[in-house]
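Report on the following structure.
The values are calculated or read from the model by the stated rules, or taken from the named source; none is laboratory data. Note that the structure is predicted; figures quoted are calculated from it, not measured. Ideal geometry is used to build each Cβ from the backbone, glycine not excepted, and the neighbour counts take in all protein chains shown. Ligands, DNA and RNA are stripped out before the accessible areas are found, and what is left, the full protein with its side chains, is counted by its heavy atoms. Shrake-Rupley method; radii C 1.70, N 1.55, O 1.52, S 1.80 Å.
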Amino acid sequence: MPLTPEAVTFTPFVTGLTQPVDIGFRADDPTLYVVQQNGRIVPVRNGAAGDPVLDISGNISTGNEQGLLGMAFHPAEPFAYVDYTNSSGDTVIAEFAVASDGSFDQSSERTVMTIDQPYRNHNGGEVVFGADGYLYIGLGDGGSANDPQRHALDLGSYLGKILRIDPTATDGRPYTVPADNPFVDDPAAKPEIWSYGLRNPWRFDFDTATGDLWIADVGQRQWEEVDLATAADGGGKGVNFGWSAFEGTHRFNTDQPAEGVQAPIWEYEHGDDGCSVSGGAVYRGDAVASLVGWYVVADYCSGNVWALQAGADNALTGNVLLGRVGSPSAVVRGPDGELFVLAHGDGALVEITPG
């Protein structure tokens, strides 16, 4: 059955939130742990938001693209990992102990990484565990405009990258670097780097069925892009996605090398379609059969929500505009494969349900 906009409905799930940007899920726990940019994580149970399980609002910087930006529960240990900008504006990846009832021990905070941020935007914010059990961390190019310090293609910088680490403390070290990371043997590179050449990979997703990596990378002044790195080709391992030599498929900073770049699977121009891509997850639920395997992505400015389908050789074979949601900050997949769209300005979660 072909996918059409009529196949889905955007159904309000919960309201009364403040700037939702992410949702975390624990094994065998039906609770939705909603990450709010204001520094609080609130549990949603039975369609209602409860009191915060974590409140670090007094420890973060706010405004622009700063704040509490992402969270992931460890798949096997009683820990959660959060990404926030501290009072100095720098990115902190921190670990918190989590009790069996889902409450966070705020006093248990342990800093895993701190990354200097030169500006107040392009902080990234995604933290997600892959099927390999490692933590992947999205970092923007550091901000301002035009990648002024040329971080994104510089393997000596963490900025403009996706990192891959084992975040658990080991032998007195706050984290360890997997031995099979692509640049561990390059003395000029940060060994934590998994992928590079990214402007602001605000949200990315590993397809639970295929292992393919989808990245929504926020553009500069004209082009938004979605990148795809298939599991068969390493799931993004060592891939150069091109910024700031390119914005989308278009040459940008001509002093940056154009060779070895993997082009996006899709790009769209600023205008009616929007101005800031906010990904994104592959649908693996049961409710909408025609949507299975499609990557669902949104734009914060227009509210457009699209579904994209990939074919062989990273070719785009389907693009369907499903509808609109107010100021979507992310599309997140639950453990059952169903999708939520986070309406940032409305303070709501919207579920994608059958039409």
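Brief remarks on what is shown
- The residues in the stretch 263-284 that are under 20 Å from the mean Cα position of the chain (by Cα), free of Cβ contacts under 8 Å to residues at least 60 places away in the same chain and assigned to a loop (DSSP other than H, G, I, E, B) can be counted, and the count is 5.
- Residue list for the stretch 191-203, restricted to those being over 17 Å from Gln149 (Cα atoms) and either part of a loop (DSSP other than H, G, I, E, B) or not charged (D, E, K, R) (or both): Pro191, Glu192, Ile193, Trp194, Ser195, Pro201, Trp202
- For the stretch 310-355, the set of residues classified as within 19 Å of the chain's Cα centre (by Cα) and under 17 Å from Glu224 (Cα atoms) consists of Ser327, Pro328, Ser329, Ala330, Val331, listed by residue number.
- A residue that is of a type in the set (A, V, I, L, M), open to solvent by 30 Å² or more (accessible area, probe 1.4 Å) and part of a strand (DSSP E or B) occurs somewhere in the stretch 118-136.
- Evaluation of Pro75 against (1) under 20 Å from Gln19 (Cα atoms); (2) open to solvent by 10 Å² or more (accessible area, probe 1.4 Å); (3) not aliphatic (A, V, I, L, M) (one fails), failing number: (1)
- Summed over the stretch 228-280, residues that are touching a Cys at 6+ places or on another chain (Cβ under 8 Å) and surrounded by 18 or more Cβ atoms within 10 Å (Cβ to Cβ) total 2.
- Residue match in the stretch 161-184 (condition: in contact with a helix residue (DSSP H, G or I) (Cβ under 9 Å, 6 or more places away or on another chain) and either open to solvent by less than 50 Å² (accessible area, probe 1.4 Å) or assigned to a strand (DSSP E or B) (or both)): no
- Candidate set from the stretch 175-225 (those that are without any contact (Cβ under 8 Å) to a residue 60 or more places away in the chain and of a type in the set (A, V, I, L, M)); member that is farthest from Asn64 (Cα to Cα): Ala179
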